[in-house]
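This report refers to the structure that appears directly beneath it.
The values are calculated or read from the model by the stated rules, or taken from the named source; none is laboratory data. Remember, predicted model here, so these are calculated numbers, not experimental data. Cβ atoms come from the backbone with ideal geometry, glycine included; neighbour counts cover every protein chain shown. Remember, those area values only see protein heavy atoms, side chains included, never the ligands or the DNA or RNA. Shrake-Rupley method; radii C 1.70, N 1.55, O 1.52, S 1.80 Å.
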Amino acid sequence: MKKIIRLITLSFILYPLSFTAQADDWAPIWDYDPDGSLFQRIADLEQEKVLMQLERDRAQLQLDLDRLGAEKSRLIREQENADLRAEEQAADIERQRLALEQDRRRLEDERQRMADEAARAAERAAEERNNPPRQTVVAEAPAFESIAENAGLAESYSLLEIIGAGNQLVATVEHLGSGQQRRLSVGRQLDGWTVRSISIDDGIEFERNGEVVTIGIGNFGRGAV
């Protein structure tokens, strides 16, 4: 009986001790330390995968940005080239316009000049039709001839001067009735008389139908009759 009581008492003493030993193997969840555990390694791997994906996405985004930048630069260059070509075309068109304008003005000036010349020619023609030239010499010639026939050649003219040298002498005579002056050389005619010779010593010798008349030195400066 005493032996049984002793065993029961010993069991009461050992049971709490065994429960405490088991409790050390089953710690509470709030005392769980994840560092160095499998969960930590899994979390690290997942984090690395996410970071690697983010890095790839960033690299792809940078590549897209670079490609867009290059495309933008190309478009800017093409726009600048297009603007330059447009400016050159505009300048060329302006040069052609100025050249055409100069040609137009030149043709207009030429047309105006020709029109003015035609107008002046028409005016001259009209003036000539309305005002025919006067035949002064022809009208007066018969009077000279009549005077010469009535008074004689030597009595109708006076010798004013003889100029020249050798066979190139030229004489000037004046009609005593009208005061008209004539310049004569060998071979010229005066009132139907042909100049045969001119001499400073003898004067002017005329010939007509075998008859010879001389207006000599004595006729120099003779006044009107």
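Using only protein heavy atoms and a 1.4 Å probe, report how much of residue 39 is accessible, in Å² to the nearest 10.
In the full protein context, residue 39 sits at about 140 Å².
I need the calculated FRET efficiency for the pair residue 48 and residue 71, taking r as the beta carbon distance and R₀ as 41 Å, to the nearest 0.05. Intermediate values should be presented prior to the final figure.
Details: r = 34 Å, r/R0 = 0.84.
Between residue 48 and residue 71 the formula returns 0.75.
At what distance in nm do the modelled label points of residue 106 and residue 200 sit from each other, each positioned 7 Å from its Cα along Cα→Cβ?
Output for this residue pair reads 6.2 nm.
How big is D for the stretch 62-108, in µm² s⁻¹ as a whole number, if Stokes-Einstein is applied with the Kirkwood radius of its Cα pairs at 10 °C and 1.306 mPa s?
Working: Rh = 13.4 Å.
The estimated diffusion coefficient comes to 118 µm²/s.
Be a star and scan the stretch 172-199 for residues whose amide nitrogen sits under 11 Å from the point 7 Å along the Cα-to-Cβ vector of residue 211.
In the stretch 172-199, the label zone of residue 211 (backbone N under 11 Å from the point 7 Å along Cα→Cβ) covers 193.
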